[in-house]
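For reference, the structure discussed in these notes is given below.
Throughout, read-outs are computed from the coordinates displayed, never taken from laboratory work. Given the structure is predicted, the values throughout are model-derived calculations rather than measurements. Using ideal geometry, Cβ is built from the backbone for each residue, glycine included, and neighbour counts are taken over all protein chains shown.
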Amino acid sequence: MRDLSGQARCGAAVKADAYGVGADQAAPRLAREGCRDFFVADANEGARLRPLLTGARIFVLNGVFETSFAQTLAHDLIPVINSPEQAAFWSEGSDGRAYALHLDTGMNRLGLIPEQAAAHAQSNAPAPALLMSHFACADEPDHPLNARQIEVFEALKPLFPGVEASLANSPGIHLGEHTHHDLTRPGIALYGGNPVAGLPIVMDCVVTAKARVLQIRQAKAGQTVSYSAAQVLPRDTTIAVLGIGYADGFHRSLSGAGVPLRSAIEQGGSAAFDGVMVPVIGKVTMDLTMFDVTDLGPGVVKTGDWLELIGPAISLEEAAQAAGTVNYELLTSLGSRYARHYTG
Ligand SMILES: *Cc1c(COP(=O)(O)O)cnc(C)c1O
């Protein structure tokens, strides 16, 4: 992402515990690669990372409130000011300390609308340390809103002469050099998520998730599996019961095909054993999920074996699609029961 950012510095979104990957591990690792600008969602996340990121800038995307003001100052966090009210609050109490200014260029999430940005520029508030905005549709490169957001951002930039600017998230970086400005803010791509569907660049696999076979069972055609007896077995089936469930972020929507709660998606989720895909059967339960391993042949998968849920054989995107969600949500829902091993 640093190379793709061209002339711009490459920052990192490490909010939500670095997208579930573990910010305590990911943020210092990114700092060792030269990253100096980090983005968290709230002051608590920033405070936790401050001791690990000495000398780096930590931006708080949610801004600053009375409840987080002391923490923001104490941990030297830079609030991203999202409204005229936040701007007034910060300039009153912060004694001229740095802030970033967020402009809403078309997402209607956080940030000052153009008229408010113009009023802010004309006020006697000190200049921001960073001017930023956020794309709504950068993962769809041809979406007309991209061009409109770029245009609005470029029109507002001259109101803040000499101020560094930041626009591009992971998919935004791929829209081209004109979105890079001074600083990019990738998140998902740093953690192995493909930011734009169909991109020729193959992302490195950053996260592998595995679950263990607790039991192998033989069931007869016509019997049912899991809650609600929703899955009726069409054949004699070898079932691997894995110690993984929705409490681990293996979403209930990954329940097997034929389970009535499924609507948008035909297939359920899968696991992989030796690169071979085996489907979920029945409903995913809190701690346990059943997989049909019949086609692997008798005795191949055994109690104690580990099956891959996300990793080299099953991309984040494939798993997310089967769950009816996005790679972002799968990563951020990885549960706390996983034993986590960091390499590299
Ligand atoms: C989360 C976030 C990012 C990172 O987005 P990715 O799509 O994960 O690269 C950048 N900027 C803002 C404001 C964000 O909220």
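Could you tally the net charge around residue 172, taking each other residue with its Cβ under 12 Å from the Cβ of residue 172, Lys/Arg +1 and Asp/Glu -1? Kindly include the intermediate steps, with their values, before the conclusion.
Details: positive: 185; negative: 139, 140, 177.
So the environment of residue 172 carries a net charge of -2.
Using alpha carbon centroids, what distance separates the stretch 7-38 and the stretch 68-106, in Å?
If we compute the Cα centre of each part, the gap is 21 Å.
Pop a pseudo-label 7 angstrom from the Cα along the beta-carbon direction at both residue 32 and residue 85 and give the gap in nm to one decimal.
Inter-label distance under the simple model: 4.3 nm.
If Lys and Arg each add +1 and Asp and Glu each add -1, what is the summed charge of the other residues whose beta carbon sits under 15 Å from the beta carbon of residue 79? Show your work: numbers first, answer last.
Values: positive: 15, 50, 57, 97; negative: 37, 42, 45, 66, 76, 85, 92, 95.
Once all neighbours under 15 Å are counted, the net charge is -4.
Hey, can you grab everything whose amide H is under 5 Å from the amide H of residue 103? Only 5+ residues off in sequence or another chain; H modelled, so Pro and N-termini drop out.
For residue 103, whose amide H was placed from the backbone, the distant partners under 5 Å are 112, 132, 133.
Between residue 109 and residue 67, what is the spin-label point distance in nm, taking each point 7 Å from the Cα along the Cα→C-beta axis?
Inter-label distance under the simple model: 2.1 nm.
On a full-extension model of 0.36 nm per residue, what is the gain between residue 300 and residue 286, subtracting their alpha-carbon distance, rounded to one decimal in nm?
On the way: separation 14, 0.36 × 14 = 5.04 nm, distance 2.62 nm.
This chain segment gains 2.4 nm when fully extended.
Amide H to amide H under 5 Å from residue 255: which residues, 5+ apart in sequence or cross-chain, H placed 1.01 Å off N in plane?
269, 284
Starting from the Cα of residue 127, move 7 Å in the Cα-to-Cβ direction to define the label point; list residues of the stretch 160-188 whose amide nitrogen is under 18 Å from there.
160-167, 181-183
At a Förster radius of 56 Å, what calculated FRET efficiency corresponds to the Cβ-Cβ distance of residue 119 and residue 228, to the nearest 0.05?
0.45
If r is the Cβ-Cβ distance from residue 143 to residue 235 and R0 is 45 Å, what FRET efficiency results, to the nearest 0.05?
After rounding, the FRET efficiency stands at 0.50.
Compute the Cα gyration tensor for the stretch 216-288, then decide on rounded, prolate or oblate, letting a ≥ b ≥ c be the square roots of its eigenvalues: rounded whenever a/c is under 1.5, prolate when a/b is larger than b/c in the other cases, and oblate in all that remain.
It is rounded, given that a/c, with a ≥ b ≥ c, falls under 1.5.
Which residues among the stretch 199-232 fall inside the zone where the amide N is under 19 Å from a point 7 Å beyond the Cα of residue 257, along Cα→Cβ?
Only 221-226, 230-232 pass the distance filter.
Going by a ≥ b ≥ c, the root eigenvalues of the Cα gyration tensor, does the stretch 209-332 fall in the rounded group (a/c under 1.5), the prolate group (a/b larger than b/c) or the oblate group? Kindly include the intermediate steps, with their values, before the conclusion.
On the way: a/c = 1.70, a/b = 1.20, b/c = 1.42.
It is oblate, given that a/c is not under 1.5 and a/b is not larger than b/c.
Between rounded, prolate and oblate, where does the stretch 3-191 land on the alpha carbon gyration tensor, with a ≥ b ≥ c its root eigenvalues, rounded for a/c under 1.5, else prolate if a/b exceeds b/c?
Because a/c hits 1.5 or more and a/b fails to exceed b/c, the stretch 3-191 counts as oblate.
Report the FRET efficiency, 1/(1 + (r/R0)^6), for residue 52 and residue 343, where r is their Cβ-Cβ distance and R0 is 25 Å, rounded to 0.05.
0.85
Normalising by the residue count of the stretch 209-332, find the relative contact order in percent from Cα pairs under 8 Å and 6+ residues apart. Each step should come with its number before you reach the end.
Details: 288 pairs, mean separation 37.1, N = 124.
Relative contact order here is 30 percent.
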